[in-house]
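One structure below.
The values are calculated or read from the model by the stated rules, or taken from the named source; none is laboratory data. Since the model is a prediction, treat every value here as computed from it, not as a measurement. Cβ sites come from the backbone with ideal geometry, for glycine too, and all protein chains shown count toward neighbours. Ligands, DNA and RNA are stripped out before the accessible areas are found, and what is left, the full protein with its side chains, is counted by its heavy atoms. Shrake-Rupley method; radii C 1.70, N 1.55, O 1.52, S 1.80 Å.
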Amino acid sequence: MAPEGIDADRVAVAINEAMTEVLVDEEIFDPSALSADQIVEVLVDYLARILFHQVTEDAGSAWNRSPSEARTIEAENELFDLIKIAMDRQLGPKLANGVGRMSKVDVERAQLNAMQEVWREWETFE
């Protein structure tokens, strides 16, 4: 899903984390047993994680301005939750019509819309 190197590693980690988060109650992974809703949940979680990593990378040293490490962790968790909600709002309805019906452009547009929503919302946070 990604070229060799750092991006491939990020994709693999994000996919593993998304699968673990969504399929937390599954003892044995069986891809044929995945429901359409679970596939949508995995995709939303995966794309939220990718977007979160991009945002935190872009923020760079801005995280260092936090008053404490605990506040940094809290802010990162809040940001991830916000990104996940935005991704679900943007992608959920589109994916409900069928995962295979979204083009790469549709996904990129949804990610951009989610990011714009996140920035609007994040600017109101303190």
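Could you tell me which of rounded, prolate or oblate describes the stretch 21-93, using a ≥ b ≥ c as the square roots of the eigenvalues of the alpha-carbon gyration tensor, with rounded for a/c under 1.5 and, failing that, prolate when a/b is larger than b/c and oblate otherwise?
Details: a/c = 3.05, a/b = 2.10, b/c = 1.45.
Verdict is prolate for the stretch 21-93.
Where does the charge balance sit around Arg89 when Lys and Arg score +1, Asp and Glu -1, over other residues with C-beta under 15 Å from its C-beta? Mind showing how you got there, number by number?
On the way: positive: Lys84, Lys94, Arg109, Arg120; negative: Glu41, Asp45, Asp81, Asp88, Asp106, Glu117, Glu121.
With Lys, Arg at +1 and Asp, Glu at -1, the net is -3.
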Excluding Glu41 itself, calculate the net charge of residues whose Cβ lies under 11 Å from the Cβ of Glu41, where each Lys or Arg counts +1 and each Asp or Glu counts -1. -3
Apportionment of accessible area to carbon and sulfur, the stretch 3-126, percent (1.4 Å): 52
Subtract the Cα-Cα distance of Arg65 and Arg109 from 0.36 nm times their separation in residues, and report this length gain in nm to one decimal. 12.7 nm
Can you classify the stretch 65-126 as rounded, prolate or oblate using the Cα gyration tensor, where a ≥ b ≥ c are the square roots of its eigenvalues, rounded means a/c under 1.5, and otherwise it's prolate if a/b beats b/c and oblate if not? prolate
Rolling a 1.4 angstrom probe over the protein heavy atoms, how many square angstrom per residue are accessible across the chain? 67
Taking only C-alpha pairs under 8 Å that are 6+ residues apart, what is the relative contact order of the chain in percent? 24
If I take every Cα pair under 8 Å that is 6 or more residues apart in the stretch 37-97, average their sequence separation and divide by the length, what percent do I get for the relative contact order? 60
Considering the values (1) -0.41, -0.95, -1.18; (2) -0.50, -1.07, -1.25; (3) -0.45, -0.92, -1.12, which represents log10 I(q)/I(0) by the Debye sum over Cα atoms at q = 0.12, 0.18, 0.20 Å⁻¹ as calculated for the structure under consideration? (2)
